[in-house]
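Only one structure is covered here, and it is reproduced in the block below.
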Amino acid sequence: MQETFTIAQLQEIILNHKKAGKTIGFVPTMGALHAGHISLINKARAENNFVVCSIFINPTQFNDQNDLIKYPRTPELDKQLLLNAGCDILFSPTVNEMYPVKDERIFDLGGLDKVMEGVYRPGHFNGVVQIVLKLFDAVKPNRAYFGKKDFQQLAIIKYITKQLNLPIQIIPCETIREEDGLAMSSRNIRLNSVERNQAIQLSKALFFVKENAPHLSVKELKQKVNEMLSCYDLIKTEYFEIADSETLQPVDTVTPDKTVACIAAYVGNVRLIDNISL
Ligand code: PAF
């Protein structure tokens with residue numbers, strides 16, 4: 001696996017592979033890789049001839065500077081995991097490489113950024129779109145892979161790709177869970193053992209909602225989840241929402257396969273998100 005740090009070098013390598021008729025699969029990440037990321041690499045490998053992974057902790061998507069400072073960094077382990085997974089190129093740019101000048105672009109995201117995460121992390125999705133478009137422009141992939149765990153992010157990337165007519169196929173990938181149900185996240189390594197034990201309540205609540213959606217109302221489901229989670233002293237729920245899977249607007253009734261339940265909560269000082277399709 002080659003590692004490159006500049007857009008110019010990355011493009012030179014990719015161009016050669018494109019000229020040879022290869023398709024490019026791209027997995028953008030912020031590092032601290034886990035089995036969830038590796039499942040994206042595996043899918044990209046299965047569907048393309050050449051796989052690019054980027055590791056870049058994007059400062060413009062952090063509305064909380066403390067969160068940026070504390071974001072987990074495991075560069076050596078990441079490289080090993082990518083090598084083992086058969087990734088072809090790792091792109092690890094500096095902040096200066098990606099943002100040679102301040103990015104002042106503000107995107108209209110069709111209202112998808114105004115709900116759930118958007119309420120609690122103002123500007124977050126604008127920052128995500130800034131970096132994803134820069135990365136798409138650098139890599140020019142045929143396909144790009146995003147986890148469903150960041151459901152709202154995925155909806156927004158799909159939207160902006162369509163809006164800008166980008167010739168890139170966005171491939172959603174299933175959430176990978178620990179054996180006890182906790183959704184894999186780079187942030188999980190920041191949980192201490194007591195927090196880790198309580199964190200599983202988030203996925204338990206979502207599984208409860210999926211099982212009971214056919215016979216309880218949305219109002220009842222929300223009440224039950226609040227009751228379930230309020231028993232745990234380290235869990236502070238920011239939102240639990242039942243929404244339309246495409247518009248992300250809250251719904252009063254569940255339509256099978258067209259509705260998603262989403263949750264964001266602090267477990268101790270660690271903010272986690274998860275979701276389940278109903
Ligand atoms: O999901 C992530 O890891 C990030 O938001 C992304 C898509 C790599 C952009 O920085």
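The values are calculated or read from the model by the stated rules, or taken from the named source; none is laboratory data. Just so it is clear, the model here is predicted, and its values are computed rather than measured. Cβ: placed from backbone, ideal geometry, glycine included. Neighbour counts: every protein chain shown.
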Inset, instruction - Answer yes or no: is there a residue in region 25-32 that is within 13 Å of the ligand (Cβ to nearest atom) and more than 19 Å from Ile157 (Cβ to Cβ). - result: yes
Inset, instruction - Just give me the residues in region 237-278 being β-branched (Val, Ile, Thr), free of Cβ contacts under 8 Å to residues at least 40 places away in the same chain and assigned to a strand (DSSP E or B), in sequence order. - result: Thr237, Ile242
Inset, instruction - Run down Asn188, Asn197 and say which single residue is under 22 Å from Pro28 (Cβ atoms) and either assigned to a helix (DSSP H, G or I) or modelled with pLDDT under 95 (or both). - result: Asn188
Inset, instruction - Select from region 187-211 the residues that are surrounded by 14 or more Cβ atoms within 10 Å (Cβ to Cβ) and among the polar types (S, T, N, Q) and list them in ascending order. - result: Asn188, Asn197, Gln198, Gln201, Ser203
Legend entry - region 124-166 - residue that is over 19 Å from Val52 (Cα atoms) and assigned to a loop (DSSP other than H, G, I, E, B) and, of those, nearest to the chain's Cα centre (by Cα): Asp150
Legend entry - Pro100 at pLDDT 95 or above and not in a loop (DSSP other than H, G, I, E, B): no
Inset, instruction - Would you check if there is a residue in region 54-72 being in a strand (DSSP E or B) and in contact with a strand residue (DSSP E or B) (Cβ under 8 Å, 6 or more places away or on another chain)? - result: yes
Inset, instruction - Hey, can you tell me all the residues within region 30-50 that are more than 19 Å from Glu174 (Cα to Cα) and crowded, with 18+ Cβ neighbours inside 10 Å? - result: Phe50
Inset, instruction - Would you confirm whether any residue within region 110-123 is free of Cβ contacts under 8 Å to residues at least 40 places away in the same chain, crowded, with 16+ Cβ neighbours inside 10 Å, more than 21 Å from Asn42 (Cβ to Cβ) and within 15 Å of the ligand (Cβ to nearest atom)? - result: yes
Legend entry - Qualifying residue in region 79-90 (condition: within 14 Å of the ligand (Cβ to nearest atom), buried (at least 19 other Cβ atoms within 10 Å of the Cβ), under 19 Å from Val132 (Cα atoms) and modelled with pLDDT of 95 or more): yes
